[in-house]
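*Asks:* Before anything else, here's the structure in question.
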Amino acid sequence: MTTRRDLFKIAGGAAVGALLTPAPWRMITDGALWSENWPGIPRPARGEIRAKFTNCTLCPAGCAMKARCVGDQPISIAGVAGHPLSHGALCPYGIAGHHLPYHPERLLSGAVEDAAAAIKKGIGEGGRIAVFDTRPGRTASWTYRRAMASLPGGLYLRPEAALNGDAVDLSAARTVLSFGVPLLDGWGTPGNVIQARGNFRLIQVEAIESRTAAMADVWLPTNPGEERAIASLILNGGMDHIARELEDGPVLVLGPEDWPEIVELNRKYGALGRTIVSRRDAPVPDTWKDAAPEMEWADAAEGSIRVLLIDETAPGAYVPWHSIETRLSRDAVVVAFTATRDGYARHAQFALATAVFPEALDDIPAAVDSPAGVFRLSTSMVPSAAWTIDPAMFIAQLAGIDAASALRDRADAICRSARGNVFHYADQKSTPMKAMKADAFWKSLNEGACWIDDLDPKAHAPQLVARAATRASNVSLVETCGAGLVSPLFSKLHEESHVRLARHEIALNPAVGFCDGERVALQTDCGRIAMTVLLDPSIPPGSIQTATGADVLDLCGGATGAKVVRI
Ligand code: SF4
């Protein structure tokens, strides 16, 4: 007969037994994941596996991608072998790009009607309206320029760019002199840099032994903040051993774009026209050519902008907020089109949620290391979430212009130019543009093809513009994926393991007196941010290394003499 004691024994034994099986622990993990991601949790589809080809919009490189899809849902992403621009390589951000629609920190809504009303009020009161485009050269950028041309006092603003649309031809370089540029760690198109690496010697001038410094042929360690003085010394005939290396040309000098010494070194060593080349833009319809001119952000008059619309849907250059703020009028309305709260949304009255990769249909202009103009699409592999808006359509509507078929219109203009070749990913063959009809070209683009322009036989050597330079900073920023979203997988793979610095983690030399894991503040004349210390003997005393992020760029952009203080 079963007694009460037996029942307790059975219940107790079952409870202890259950704890020894994986079941309860599994339920805790799954419950945590589900509650963290709800309601955007992906539902793995079942069915036939197919390949789709597209291009990555997560940074300006625009690497070619092959996505394995079940039905229409991408389940894994790889590079496209034999691709003439990205050579089969992808960075980790691109490989996990299909996670982004389910990102728990994604911006999920925005007060679209209120934003439209505030914009119309600002324009109605006679204020100047401007679009700030973090990634110029896209077809959406042309829509903004056309829209601004049709509004009184409309301005189209872009970040400063020393190359000004011209390009670097790494394949032509024999010696590359780099001042802190992360050439082998995320600069340009990673596959193209790897492809060209065997042909050039790399001299890296940098205070910290970064990944690029560690893989360079020559690492020239400097004291923190002294890089610009070294550039000046080389320019003026000092440092014989480096000057001798630079006799082996063609030479390319890379560095912060606002240092006049970089421009002068490139001139002195004959880089202009050889390793820095002029590039033609992809053609556009003739009717677009009366669009508003491109203006660099810094050229906008102080206090002049009443309505500012910021498109940061495609991560590109980030201009620190303190530099933007000075151009706004006192009662300015700022609207950010974004997928994250981390970027300009922190400073805008309205943050309007947009689609993310791979939801949005967009084009990707040529990368900095592509001597030829290109036109390729990032096709929509996942339907856009219902709460998102398309900033180009929003702004076109505001200005009363028709931009619904802008991508197709531009593709037709490229087809009419009969320039260049179309590379088809699936069979890895190229077809001359002049042998293609407009409909076939458009179909190919939507299947992931890429148009590559002919090099311009009449191209002149580019004219680089020297600017008023900032002083070198003692903060070394490790690139993450701009101000955009990054797959949460990375917090496990490379941040918690310290393969890369996590956000708000700061690497310091043990000799400077802080402890591992200590909470400190990184402080500049623009403010301070709380950080956690990671001791790293490879960081020289006086240098500070941290990961980029919009708040860190706001803090450190243009600031010098950063210091770490206890909190
Ligand atoms: S380098 Fe840029 S474009 Fe290429 S895969 Fe990475 S994020 Fe995408």
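*Asks:* Tell me, which residue of segment 46-94 that is away from the ligand (no atom under 14 Å from the Cβ) and of a type in the set (Lys, Arg) is surrounded by the fewest Cβ atoms within 10 Å (Cβ to Cβ)?
*Replies:* By that ranking, first place goes to Arg46.
*Asks:* Being more than 25 Å from Trp142 (Cα to Cα) and either in a helix (DSSP H, G or I) or not aliphatic (A, V, I, L, M) (or both) is the requirement here; does Pro283 meet it?
*Replies:* On the way: more than 25 Å from Trp142 (Cα to Cα): no; either in a helix (DSSP H, G or I) or not aliphatic (A, V, I, L, M) (or both): yes.
Taking the combined requirement at face value, the residue does not satisfy it.
*Asks:* Right, another one. Scanning segment 217-234 for residues that are hydrophobic (A, V, I, L, M, F, W, C) and outside any helix (DSSP H, G or I), which turns out surrounded by the most Cβ atoms within 10 Å (Cβ to Cβ)?
*Replies:* Step one: filter segment 217-234 for residues hydrophobic (A, V, I, L, M, F, W, C), giving 218-220, 229-231, 233-234.
Next, only the ones that are outside any helix (DSSP H, G or I) stay: 218-220.
On the way: Val218: 15, Trp219: 17, Leu220: 20.
Only one residue fits best here, namely Leu220.
*Asks:* Applying the selection to segment 1-45, what residues are modelled with pLDDT of 65 or more and in contact with a helix residue (DSSP H, G or I) (Cβ under 8 Å, 6 or more places away or on another chain)?
*Replies:* Within segment 1-45, Ala18, Pro24 qualify.
*Asks:* Can you find, within segment 374-388, the residue that is surrounded by the fewest Cβ atoms within 10 Å (Cβ to Cβ) among those that are at pLDDT 95 or above and of a type outside the set (S, T, N, Q)?
*Replies:* Across segment 374-388, the extreme among qualifying residues is Val374.
*Asks:* Ok, one more. Take the residues of segment 205-216 that are in a helix (DSSP H, G or I) and either under 15 Å from Leu252 (Cα atoms) or within 16 Å of the ligand (Cβ to nearest atom) (or both): which is modelled with the highest pLDDT?
*Replies:* Start the filter on segment 205-216 by keeping residues that are in a helix (DSSP H, G or I), which leaves 211-215.
Restricting the remaining residues to those that are either under 15 Å from Leu252 (Cα atoms) or within 16 Å of the ligand (Cβ to nearest atom) (or both) gives 211-212.
On the way: Arg211: 91, Thr212: 95.
Looking at the filtered set, the residue picked out is Thr212.
*Asks:* Determine whether Ser304 is touching a helix residue (DSSP H, G or I) at 6+ places or on another chain (Cβ under 9 Å), among the polar types (S, T, N, Q) and surrounded by fewer than 20 Cβ atoms within 10 Å (Cβ to Cβ). Working first, answer last.
*Replies:* Numbers: touching a helix residue (DSSP H, G or I) at 6+ places or on another chain (Cβ under 9 Å): no; among the polar types (S, T, N, Q): yes; surrounded by fewer than 20 Cβ atoms within 10 Å (Cβ to Cβ): yes.
The answer is no for Ser304.
*Asks:* Quickly run through segment 95-117 and pick out the residues that are within 16 Å of the ligand (Cβ to nearest atom) and either basic (Lys, Arg) or in contact with a Leu (Cβ under 6 Å, 6 or more places away or on another chain) (or both). Write out each step before concluding.
*Replies:* Initially, segment 95-117 is screened for residues within 16 Å of the ligand (Cβ to nearest atom), giving 95-101, 103.
Once the filter is applied, which keeps residues that are within 16 Å of the ligand (Cβ to nearest atom) and either basic (Lys, Arg) or in contact with a Leu (Cβ under 6 Å, 6 or more places away or on another chain) (or both), segment 95-117 yields Ala96, Gly97, Leu100, His103.
*Asks:* In this structure, does Leu170 turn out to be in contact (Cβ under 8 Å) with a residue 60 or more places away in the chain and either under 27 Å from Asp402 (Cβ atoms) or more than 19 Å from the chain's Cα centre (by Cα) (or both)?
*Replies:* On the way: in contact (Cβ under 8 Å) with a residue 60 or more places away in the chain: yes; either under 27 Å from Asp402 (Cβ atoms) or more than 19 Å from the chain's Cα centre (by Cα) (or both): yes.
For Leu170, the condition - in contact (Cβ under 8 Å) with a residue 60 or more places away in the chain and either under 27 Å from Asp402 (Cβ atoms) or more than 19 Å from the chain's Cα centre (by Cα) (or both) - is met.
*Asks:* Which fully enclosed strands (runs of 3 or more DSSP E) of segment 113-204 have 2 or more residues being assigned by TED's automatic domain parsing to the domain that holds Asp217? Talk me through it step by step, then tell me what you get.
*Replies:* Working: elements: 128-133, 155-158, 175-179.
By residue number, 175-179.
*Asks:* Which of (1) within 20 Å of Trp259 (Cβ to Cβ); (2) crowded, with 21+ Cβ neighbours inside 10 Å is the odd one out, the single condition Thr548 does not satisfy?
*Replies:* The number of the failed condition is (2).
*Asks:* Which of the residues belonging to segment 399-435 are in contact (Cβ under 8 Å) with a residue 40 or more places away in the chain and assigned to a loop (DSSP other than H, G, I, E, B)?
*Replies:* Within segment 399-435, Gly400, Ile401, Ala403, Arg419, Gly420, Tyr425, Ala426, Gln428 qualify.
*Asks:* Another question, if that's okay. Taking only pairs six or more apart or across chains, which ones have beta-carbon atoms under 9 Å, a first residue in segment 68-87 that is not assigned by TED's automatic domain parsing to the domain that holds Ser430 and among the basic types (Lys, Arg), and a second residue that is assigned to a strand (DSSP E or B) and within 16 Å of the ligand (Cβ to nearest atom)?
*Replies:* Close Cβ pairs (under 9 Å, with a partner that is assigned to a strand (DSSP E or B) and within 16 Å of the ligand (Cβ to nearest atom)) amount to Arg68/Lys52; Arg68/Pro74; Arg68/Ser76; Arg68/Ile77; Arg68/Ala78.
The values are calculated or read from the model by the stated rules, or taken from the named source; none is laboratory data. Note that this is a predicted model, so its numbers are computed, not measured. When we count neighbours, we look across all protein chains shown, and the Cβ atoms used for this are built from the backbone with ideal geometry, even at glycine.
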